[in-house]
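Here the structure is laid out as structure tokens; the discussion comes afterwards.
The values are calculated or read from the model by the stated rules, or taken from the named source; none is laboratory data. This structure is a prediction, so every number in the text was calculated from the model and none was measured. Quick reminder, even Gly has a Cβ in these numbers, built from the backbone with ideal geometry, and neighbours come from all protein chains shown. With ligands, DNA and RNA removed, areas are computed over all heavy atoms of the protein, side chains included. Shrake-Rupley method; radii C 1.70, N 1.55, O 1.52, S 1.80 Å.
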Amino acid sequence: MATMLDVARHAGVSIATVSHVLNDSRPVRPQTRQAVLDAIEALGYTPNTLARSLVTARTRSIGLAVSAISNPYFTEILQGVEAGALEHGYSLLIADPHDDPEHEQKVVRLLHERRVDGLIVAPSADPSGLLGYLGRHNVPTVFLDRLVDSGVSTVDSGTFAKGPRAGSTNANVAEDDGLAAPRYRFDQISAANAEPMTQLVGHLTGLGHKRIGLIAGLPGLSTTTERIFGYRQGLAGAGLPYDERLVVHGESQTQAAEQATGALLSLAAPPTALVTANNAMTIGALRALQDLGLSVPDDLALCCFDDFAWADLFAPRLTAVSQPSREIGAQAVRLLLERLASPERPGRTVRLPCTFVHRSSCGCPEDTGERTPRSPSAGSDRSDRSDHSNPPDRPERSGRSDRSDQSKRPGRSKRSGQSDQDQSESSTQSDRIGGRVKGPLS
């Protein structure tokens, strides 16, 4: 088996130069670097990572702890993390906390005991034990997707400057533009949540809906709290009251969302439109509607938070908010490597913008143009829409004529005073929403 000394002799350089090439620890002239790489290839030399870690106190490995890895959203995040890690010469160890706080602490401890250089974690709804462990052991960590303290005032559009704070536990609160445990700082990254949800709801109210149901995620997650907040802002922007009966929790899972959808539709005054807060819950909602013999959008308009590969294959195609999942994963790696390089730097919270993907499940016509829908957060003047300022609770739809007025679900709805041409211009729009960085960038 070839050794580093063999490589050095073959390349005509010192062992120190070979080490600098392997570890990228000092600039090496291009021709010298290439000579070392050629020698490694010719001799079949494989670096001893265990021996290297004893010298450098680094294993060049990253621990990733995310639940529901089979969910397409987290699968794409995983792909982004893996690509970012490999690009910088890091290996990846993966664990699934199963959204269980106790199991979360166990898998994080096991990853840490494997001497990973740092962790990327999508925390559970109760991360207090996790934060305590990471703080006690000073583990370099980036929180991904779910934030441990997600005051909307610090992360989303200034329009939502007085939003609720979610996920705050004991002393782990915002400090100096970042997140800080009592003894340690953390970085975190997520997509914008509130403003994109506000736009989804605003799109539906613009179509005449006044009773809009929300299938929300697992209580306690920052994503759940922020999307509920965005939902309420969307209603407020349209001058509609918040009705807590129209918000049910699908626990971020398919089966629970199916049951939650059934509960919503059993109300005496059920919603005319539905927003689902992640892709798994969208599937559950669609199953419930199919079981009830209801059609989208003829009986119920549907919009979803989370786009996924086959959303374009449904009939009708799903209007959705698309999150930059791979970019979230890749940037989580970048944040972690910057933390490893500068452990004392202030913590940062990074928000990436989402994309509004306008299709036809909301009740708009199909495939004939593009339009940028007005977001309620954009400060638009709604007084010029007098024709539909007081739309009926249940806009008249084409659909099942054998249903009573109370049980009839809405379907395709046209804005009052809007021509067929105007409607056709609203079918396939893509618009980036939100996104912000909190804390200094390098």
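Work out, step by step, the length gained on full extension between residue 6 and residue 138: first 0.36 nm times the residue separation, then minus their alpha carbon distance; give nm to one decimal.
Values: separation 132, 0.36 × 132 = 47.52 nm, distance 3.89 nm.
Here the segment from residue 6 to residue 138 would lengthen by 43.6 nm.
Highest mean packing comes first when the peptides 354-363, 271-280 are listed by Cβ atoms within 10 Å, giving 271-280, 354-363. When the stretch 302-363 is described by a simple charge dipole with +1 on each Lys and Arg Cβ and -1 on each Asp and Glu Cβ, the residue from 328, 342, 315 located farthest towards its positive end is 342. With both labels modelled 7 Å from their Cα along Cα-to-Cβ, the residue 341 to residue 245 distance reads 5.7 nm. Here the peptides 221-227, 262-268 are ranked by packing, the mean other Cβ count within 10 Å, and the order with the highest first is 221-227, 262-268.
Would you grab the residues whose amide H sits under 5 Å from the one on residue 352? Only those 5+ places off in sequence or on another chain, please, with H modelled 1.01 Å from N. Correct list: 190, 191, 192, 436. Approximating the spin labels as points 7 Å out from Cα along Cα→Cβ, the residue 79-to-residue 29 distance works out to 4.3 nm.
Please sort 190-203, 93-106, 328-341, 32-45 by packing, taking for each peptide the average over its residues of neighbouring beta carbons within 10 angstrom, highest first.
Working: 190-203: 27.9, 93-106: 17.6, 328-341: 21.1, 32-45: 16.0.
Peptide ranking by packing, descending: 190-203, 328-341, 93-106, 32-45.
Amide H contacts under 5 Å for residue 60: 117, restricted to partners 5 or more places along the chain or on a different chain, H placed in the peptide plane at 1.01 Å from N. For residue 60, the accessible surface of its heavy atoms amounts to roughly 80 Å² (probe 1.4 Å, protein chains only, rounded to the nearest 10).
In a fully extended conformation the segment linking residue 315 and residue 126 would gain 64.2 nm over its present Cα-Cα distance, using 0.36 nm per residue. Each DSSP beta bridge with both residues in the stretch 180-309 is either parallel or antiparallel, and the antiparallel ones are about 15%.
Lys and Arg at +1, Asp and Glu at -1: add these up for the other residues within a Cβ distance under 15 Å of residue 76 and post the number. Present the calculation step by step, with values, prior to reporting the outcome.
Working: positive: 326; negative: 82, 145, 306, 307, 327.
Taking every other residue near residue 76 into account, the sum is -4.
Expressed in nm to one decimal, what extension gain is obtained for the pair residue 267 and residue 287 from 0.36 nm per residue of sequence separation less their Cα-Cα distance? Can you show the working numbers first?
Details: separation 20, 0.36 × 20 = 7.20 nm, distance 1.82 nm.
This chain segment gains 5.4 nm when fully extended.
Could you give the accessible area per residue of the stretch 198-339, probe 1.4 Å, as a whole number in Å²?
Values: 4420 Å² over 142 residues.
Ligands and nucleic acids excluded, the result is 31 Å² per residue.
Rolling a 1.4 angstrom probe over the stretch 276-371 with all protein chains present gives an accessible area of which 54% lies on carbon and sulfur atoms.
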